[in-house]
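Worksheet for the structure shown next.
The values are calculated or read from the model by the stated rules, or taken from the named source; none is laboratory data. If you're wondering where the values come from, they're calculated on a predicted model, not measured in any experiment. Note that we place each Cβ from the backbone using ideal geometry, even for glycine, and neighbour counts take in every protein chain shown. For the accessible areas, the whole protein counts, side chains as well, though only heavy atoms, and no ligand, DNA or RNA atoms are used. Shrake-Rupley method; radii C 1.70, N 1.55, O 1.52, S 1.80 Å.
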Amino acid sequence: MTEPEEHLISLIDKHVLAKSDKWGSGRFRLIKTLSTSHKGDIAEEFAVWLAKWHGFDAEKHKSKRGQWDVRIAGVTLEVKVATEDIGGSFQFNGVRYDTKYDRLLVVGISPDRALFNIYPRRDLMDMPLVRMAKGTNSAFKLTRKAEQLRDLSEFPGFFEKSK
């Protein structure tokens, strides 16, 4: 093995060890090993499962390129997921105003708990969103602290059961 490769391995080890302080023994630690796309798929599938578990009609959009990700009790939702960062925040990337959905569902995953919140799309314009790329108006980042998210037990309060 060359010296540059050895150094690269030492850097990887250093970062893995630093991450393990927070995530190493956490119940949800494996989420950190997944790609962003896989994390998103999990969040969408979880939202549908959680809704059905609470007795709501729910479905995942058939297309990955649809205007919304899941529909729960007739409400269309864009779903974003983030893992907790070192500072205790969740950064939900790729929030968009220009697609047609009713609400934004964010799922925040920390080493040992999962949280969520739901925001009406119309309220996003008044929230502290940051542009993902300079000079664009299509994708934003929403940063939330755990205190700004809700316990999963509150999920059914955002939807009405069909009669």
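Enter the angle in degrees (range 0 to 90, nearest 10) between the Cα long axis of helix 3-23 and the first principal axis of the Cα atoms of the chain, meaning the one along which they spread out most.
50
For segment 1-119, report the accessible area per residue in Å² (1.4 Å probe, heavy atoms, rounded to an integer).
Averaged over the residues of segment 1-119, the accessible area is 59 Å².
For a quick check of your reading of the filter: which chymotrypsin sites (Phe, Trp or Tyr not before Pro) in segment 48-106 sit in a DSSP loop and have no more than 16 other Cβ atoms within 10 Å?
Y97
Charges at C-beta only: +1 for Lys and Arg, -1 for Asp and Glu. How large is the resulting dipole of segment 98-163 about its Cα centre, in Debye rounded to 20?
220
For a test of the definition: using alpha carbon positions, the gyration tensor, and the 1.5 limit on a/c, classify segment 4-163 as rounded, prolate or oblate.
Because a/c hits 1.5 or more and a/b exceeds b/c, segment 4-163 counts as prolate.
When the Debye formula is applied to the Cα atoms of segment 90-163, each taken as the same point scatterer, what base-10 log of I(q)/I(0) results at q = 0.15, 0.17, 0.22, 0.24 Å⁻¹?
Listed by q, the Debye log ratios stand at -0.56, -0.70, -1.05, -1.17.
I'd like the carbon and sulfur percentage of the solvent accessible area for the chain, probe radius 1.4 Å, heavy atoms only, ligands and nucleic acids excluded.
Here it works out to 53 percent.
DSSP beta bridges in segment 47-114, what fraction antiparallel, as a percent rounded to 5?
55
Under 1.5 on a/c is rounded, so check that first for segment 1-64, then, if it is not, pick prolate when a/b is larger than b/c and oblate when it is not; a ≥ b ≥ c are the square roots of the alpha carbon gyration tensor eigenvalues.
Oblate is the answer for segment 1-64, as a/c is 1.5 or above yet b/c matches or exceeds a/b.
Once the Cα atoms of helix 36-53 and of the chain are each reduced to a long axis, what angle between those two axes, in degrees from 0 to 90 to the nearest 10, is obtained?
Roughly 40 degrees, rounded to the nearest 10.
Considering only DSSP beta bridges with both partners in segment 1-117, what is the antiparallel share in %, to the nearest 5?
Once the DSSP bridges in segment 1-117 are tallied, antiparallel ones form about 60 percent.
Magnitude of the Cβ-charge dipole of the chain, K/R +1 and D/E -1, about the Cα centre, nearest 20 debye?
540
Just V130, V48, V70 to compare: in a GNM of the chain, with alpha carbon springs under 10 Å, which one fluctuates most?
V130
List the GluC sites (Glu not before Pro) within segment 74-163 that DSSP assigns to loop and that have no more than 13 neighbouring Cβ atoms inside 10 Å.
Answer by residue number: E160.
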